[in-house]
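Novice: Quick one: the structure is below, questions incoming.
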Amino acid sequence: MSDLKLHHNRVAKHISSLPKSGIRDFFDLVNSMDNVISLGIGEPDFIAPWHIREATIYALERGHTSYTSNLGLLSLREEICNYLDKNYNLDFSADSECIVTVGVSEALDLILRAIINPGDEIIYHEPCYVSYESEIRMAHGIPVVVETKEEYDFSLYPDDLRTKITPKTKAIILNFPCNPTGATLSDDQLKEIAQIAIENDLIVITDEIYSELTYDGEHTSIATLPEMKDRTVFLHGFSKAYAMTGFRIGYACGPEDLIDAMMKIHQYSMLCASILAQEAALEALINGETEMLKMKDEYCERRNVIVKGLNEIGLKCFKPKGAFYVFPNITSTGLTSVEFATQLLNKKQVAVVPGTAFGQCGEGFVRCAYAASIDDIKIALKKIQEFCDELK
Amino acid sequence: MKDKILKILGRNARLSNAQIAERLDISEQEVSETIANLENDGIIKGYKTLINEDYLSEKKVKAMIYIKINPEKDKGFDHIASRLSKFPEVVSLYLVSGEFDLILEIHEKTLKDVGVFISSKLATIDGVVSTDTHFILKKYKELGTLLTKEEKYERLKVTP
């Protein structure tokens, strides 16, 4: 430790310059406390359905402990393509347009590394999942933020996107339904964003990990719009809809040249996703719909409860159409996001995540995940009410 | 909306109308009217509590009885089934496919009571060809609910 200074050059510049997550301290504080009611988890509170766990055990029993092909088990890729065809109206070839990855996180890393030449600009929208900016930087790209705004229910307003495009723009990352806002895109917005991508010859990377959890209306993938399939890389996985976060299993589907480039990186860095996770994913696709819809029904009920409760407290939030997050405005309390979350945690033992964890424009908001039981949500709401009353 | 309310009540029948209304984002009045209709139409037949009877002081002897029947002309199985289902000690009764025709679950105070039911009430019915009695030794799950205790798994309290 004493020689830290001596070694100051050991870490690569683009890594040492990565923004250090200011939220880490807060997370450590929460995780060190007992008896916390948490609206802070970015994962389902359900356990993966038993049939999926059972299929994983069965795979182990049969001795499925080997590598798989780099792209992933063909049976899984075929099932993924069937699923996307049936549910998303997307037509991909299991042989050449689909790769199984270690979660969407790996898939995003692969596509960014596959397309970015140093200095290329990648546009993404904030508030967003914590890793986008850093993943772009790690791939030597330049992250360009477009802010989504409360007045548009945190949807991506196409005109805002347009102003960010430069000759260096290579791709846009979309994540709808969105973590942390729960925002979705309307059909008109999708069309306009697609138009912008076509006009400027951009690649669209669309992280649709929450797409099954769409409550009002149907989810539409931008990849289904005319002329979009050839420029869209569709990222998806099993973590959210099937409550399989710890399995670390996801996939990317897209044009053959891009999938092939992703495959090159994947084969040298990851080789393949865990065969057990792949077998579990296969089971989820074949037999998982009933349990998935049950969980979705519960999320929808919880959403209704929490949205009403927060608005009654005076923490204004729109009713999100997807994912399992609400993103209330807390400026009426006079506190910053971090102050609000820290004080709420210390005084009332309720955990929410400061909006600034998801980008600077998340200031004035907190993320409440309703991946918690309704009983816990009700208790949390009561405690948030007390907390806000005591501030007055 | 009927289906959604039924689904919720199926999970937890003790929820108040206000709680159900909140979950479905509809008015309390709509909930109470829908439930009243469901009760009147005989779709909701009742509300009961799932009890882990291991903790009750009064233990009952429970058995599943598989029954073979010679169906009656014109009346099929329904006549005998309806007679059997009127005994209060019969807690459930199903017509099934396969080797047997009816499966009957009976709860009695003692082993002897089960014997008496079989010999004097069941076997004496015209048309009952044979019975095969299986005493229940342990219940693991009832109506979708596990009766055994599961270890709770603690996940992280906050994740991005």
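The values are calculated or read from the model by the stated rules, or taken from the named source; none is laboratory data. Worth saying up front: this structure is predicted, and the values here are computed from it rather than measured. Ideal geometry is used to build each Cβ from the backbone, glycine not excepted, and the neighbour counts take in all protein chains shown.
Novice: Residues A:S105, A:S75: which one is of a type in the set (S, T, Y), touching a Ser or Thr at 6+ places or on another chain (Cβ under 8 Å), modelled with pLDDT of 95 or more and part of a helix (DSSP H, G or I)?
Specialist: On inspection, the qualifying residue turns out to be A:S105.
Novice: Quick check on my filter: what residues within the range B:103-149 are part of a loop (DSSP other than H, G, I, E, B) and surrounded by 12 or more Cβ atoms within 10 Å (Cβ to Cβ)?
Specialist: Step one: filter the range B:103-149 for residues part of a loop (DSSP other than H, G, I, E, B), giving B:109-110, B:123-127, B:136-140, B:143-144, B:147-149.
Within the range B:103-149, B:K109, B:A123, B:I125, B:G127, B:I136, B:K139, B:L147 meet the criteria.
Novice: May I pose another question? Hey, could you check the range B:35-87 for residues that are at pLDDT below 90 and part of a strand (DSSP E or B) and say which is nearest to B:G127 (Cα to Cα)?
Specialist: Residue satisfying both the conditions and the ranking: B:E72.
Novice: Restricting attention to the range A:299-316, report how many residues are more than 14 Å from chain B (Cβ to nearest Cβ) and either buried (at least 22 other Cβ atoms within 10 Å of the Cβ) or outside any helix (DSSP H, G or I) (or both).
Specialist: Step one: list which residues in the range A:299-316 are more than 14 Å from chain B (Cβ to nearest Cβ), which gives A:313-316.
Now restrict to residues that are either buried (at least 22 other Cβ atoms within 10 Å of the Cβ) or outside any helix (DSSP H, G or I) (or both): A:314-316.
Residues flagged as more than 14 Å from chain B (Cβ to nearest Cβ) and either buried (at least 22 other Cβ atoms within 10 Å of the Cβ) or outside any helix (DSSP H, G or I) (or both) within the range A:299-316 amount to 3.
Novice: Let me ask you something else. Looking at the structure I just gave you, is A:R77 of a type in the set (K, R), more than 14 Å from chain B (Cβ to nearest Cβ) and crowded, with 21+ Cβ neighbours inside 10 Å?
Specialist: Criteria met by A:R77.
Novice: Only one of A:E126, A:E135, A:E106 is within 14 Å of chain B (Cβ to nearest Cβ), touching a residue at least 40 places away in the same chain (Cβ under 8 Å) and acidic (D, E); which?
Specialist: On the way: A:E135 fails: touching a residue at least 40 places away in the same chain (Cβ under 8 Å); A:E106 fails: within 14 Å of chain B (Cβ to nearest Cβ).
Selected residue: A:E126, the only one of A:E126, A:E135, A:E106 that is within 14 Å of chain B (Cβ to nearest Cβ), touching a residue at least 40 places away in the same chain (Cβ under 8 Å) and acidic (D, E).
Novice: List the number of the failed condition for B:D74; all other conditions in (1) on the phi > 0 side of the Ramachandran plot; (2) within 14 Å of another protein chain (Cβ to nearest Cβ) hold.
Specialist: So B:D74 meets the others, but not (2).
Novice: Looking at B:E28, B:E22, which is the one that is within 14 Å of another protein chain (Cβ to nearest Cβ), among the charged types (D, E, K, R) and surrounded by 16 or more Cβ atoms within 10 Å (Cβ to Cβ)?
Specialist: B:E22 is the lone residue from the list that is within 14 Å of another protein chain (Cβ to nearest Cβ), among the charged types (D, E, K, R) and surrounded by 16 or more Cβ atoms within 10 Å (Cβ to Cβ).
Novice: For the range A:9-38, how many residues are in a loop (DSSP other than H, G, I, E, B) and either free of Cβ contacts under 8 Å to residues at least 24 places away in the same chain or more than 9 Å from chain B (Cβ to nearest Cβ) (or both)?
Specialist: Number satisfying all stated conditions: 11.
Novice: While we're on this one: Which residue, of A:N179, A:N175, is buried (at least 24 other Cβ atoms within 10 Å of the Cβ), closer than 22 Å to A:C300 by Cα, within 14 Å of another protein chain (Cβ to nearest Cβ) and in contact with a Gly (Cβ under 9 Å, 6 or more places away or on another chain)?
Specialist: Of A:N179, A:N175, the one residue that is buried (at least 24 other Cβ atoms within 10 Å of the Cβ), closer than 22 Å to A:C300 by Cα, within 14 Å of another protein chain (Cβ to nearest Cβ) and in contact with a Gly (Cβ under 9 Å, 6 or more places away or on another chain) is A:N179.
Novice: Can I ask one more? Do we have A:A94 as farther than 21 Å from A:Y129 by Cβ, touching a helix residue (DSSP H, G or I) at 6+ places or on another chain (Cβ under 6 Å), free of Cβ contacts under 8 Å to residues at least 24 places away in the same chain and more than 11 Å from chain B (Cβ to nearest Cβ) here? Spell out the reasoning first.
Specialist: On the way: farther than 21 Å from A:Y129 by Cβ: yes; touching a helix residue (DSSP H, G or I) at 6+ places or on another chain (Cβ under 6 Å): yes; free of Cβ contacts under 8 Å to residues at least 24 places away in the same chain: yes; more than 11 Å from chain B (Cβ to nearest Cβ): yes.
So A:A94 fits the description; yes.
Novice: Follow-up. Go through the range B:112-154 residue by residue and tally those that are in contact with a Ser or Thr (Cβ under 9 Å, 6 or more places away or on another chain) and within 13 Å of chain A (Cβ to nearest Cβ).
Specialist: 1
Novice: Could you go through the range A:282-298 and let me know if any residue there is closer than 27 Å to A:F327 by Cβ, within 14 Å of another protein chain (Cβ to nearest Cβ) and in contact with a Phe, Trp or Tyr (Cβ under 6 Å, 6 or more places away or on another chain).
Specialist: Yes, because at least one residue in the range A:282-298 is closer than 27 Å to A:F327 by Cβ, within 14 Å of another protein chain (Cβ to nearest Cβ) and in contact with a Phe, Trp or Tyr (Cβ under 6 Å, 6 or more places away or on another chain).
Novice: Now, a different point. Quick check on my filter: what residues within the range A:342-392 are among the hydroxyl-bearing types (S, T, Y) and either assigned to a loop (DSSP other than H, G, I, E, B) or within 26 Å of B:R23 (Cβ to Cβ) (or both)?
Specialist: A:Y370, A:S373
Novice: For the range A:214-237, which positions are of a type outside the set (F, W, Y) and not in a loop (DSSP other than H, G, I, E, B)?
Specialist: The answer is A:T214, A:I222, A:A223, A:T224, A:K229, A:D230, A:R231, A:T232, A:V233, A:L235, A:H236, A:G237.
Novice: With (1) in contact with an Asp or Glu (Cβ under 9 Å, 6 or more places away or on another chain); (2) facing chain B (nearest Cβ under 10 Å) as the list, and A:L84 as the residue in question, which single condition is left unmet?
Specialist: For A:L84, the exception is condition (2).
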